[in-house]
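Note sheet for the following structure.
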Amino acid sequence: MASTIIVKDLVKTFHMGDVEVKALRGINVEIEKGEFMAIMGSSGSGKSTFMNILGCLDVPTSGEYILDGVKVNSLNKDQLADLRNKKIGFVFQSFNLLSRTSALENIELPLIYNNTLSPKQRREKALDALDIVGLSSRASHMPNQLSGGQQQRVAIARSLVNEPVILLADEPTGNLDTQTSFEIMDIFQKLHQKGITIILVTHENDIASFATSNIIFRDGMIRERLVVKERKVAVEEVKLFLSQNRQTII
């Protein structure tokens, strides 16, 4: 299977006064197309820096990063922004929805810069994304009219509206209760089954068990890469949990 991401000898160094801090110390990893990977590690281990580079929000000090066949290191700021908009979807712990904008309008935001789409086409794509996360009936609701789980669903729909090659999720269940977290992970499972490459940062072992593989960061390096053998059990637990708790609509 082809790799969506290839990273070779990736180094990121920060300078704090006279002090040099190596956040990443030579990362080598390939992530296959359609893989569902969870990134774990303590604070300061380098996982957030790594995610920022994968998301084209930061650039490495040295090394090579190839995304969907594109050598990211060779791109200028405008090209990075274009790549980020077209190929990468982001989901954050804090949802990052505009408070005075409806759910549907929030989802449309990434499409504003796409001048090949008419307003009608943008609306249709946003409605399709909203349907994927099961919130078609909440299209006109403002964020303050939605539960935390519903807001995260809107954020996921927004990340999907440009049909990205890769979906980056930074602690997407960090602000949610157990049931809502499982329902959000159920959505990620379905997206993975459709072939979307998903990379998720989490501190929670039970959330990481839904991925197909885990990588563990420590001191700016990947210390372990694990195939998740318990994944089938985790998926079945989610299905059972959801079937027993369908009366709660998030």
Given (1) out of contact with any His (no Cβ under 9 Å at 6 or more places or on another chain); (2) more than 21 Å from I132 (Cβ to Cβ); (3) buried (at least 17 other Cβ atoms within 10 Å of the Cβ); (4) of a type in the set (A, V, I, L, M, F, W, C), where does V11 come up short, assuming only one miss?
-> (3)
In region 62-101, what residues are surrounded by fewer than 15 Cβ atoms within 10 Å (Cβ to Cβ), in contact (Cβ under 8 Å) with a residue 40 or more places away in the chain and more than 17 Å from the chain's Cα centre (by Cα)?
-> S62, L98, S99, R100, T101
Confirm whether T178 is at pLDDT below 90 and touching a helix residue (DSSP H, G or I) at 6+ places or on another chain (Cβ under 9 Å).
-> yes
Have a look at E224, E230 and point out the one that is surrounded by fewer than 19 Cβ atoms within 10 Å (Cβ to Cβ), charged (D, E, K, R) and modelled with pLDDT of 90 or more.
-> E224
State all residues of region 198-221 that are of a type in the set (S, T, Y) and either farther than 20 Å from S48 by Cβ or modelled with pLDDT under 85 (or both); if no residue qualifies, say none.
-> S209, T212
Going through region 6-38 one residue at a time, which ones are under 18 Å from the mean Cα position of the chain (by Cα) and farther than 25 Å from D206 by Cα?
-> I6, V7
Kindly provide the set of residues from region 73-103 that are closer than 16 Å to L168 by Cβ and part of a loop (DSSP other than H, G, I, E, B), ordered by number.
-> Q93, S94, F95, N96
Give me a count of the residues in region 149-181 that are of a type in the set (G, A, S), in contact (Cβ under 8 Å) with a residue 60 or more places away in the chain, out of contact with any strand residue (DSSP E or B) (no Cβ under 8 Å at 6 or more places or on another chain) and not in a loop (DSSP other than H, G, I, E, B).
-> 1
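The values are calculated or read from the model by the stated rules, or taken from the named source; none is laboratory data. What you see is a predicted model, and the numbers here were worked out from it, not measured in a lab. Please note: Cβ atoms are built from the backbone with ideal geometry, for glycine as well, and neighbour counts cover all protein chains shown.
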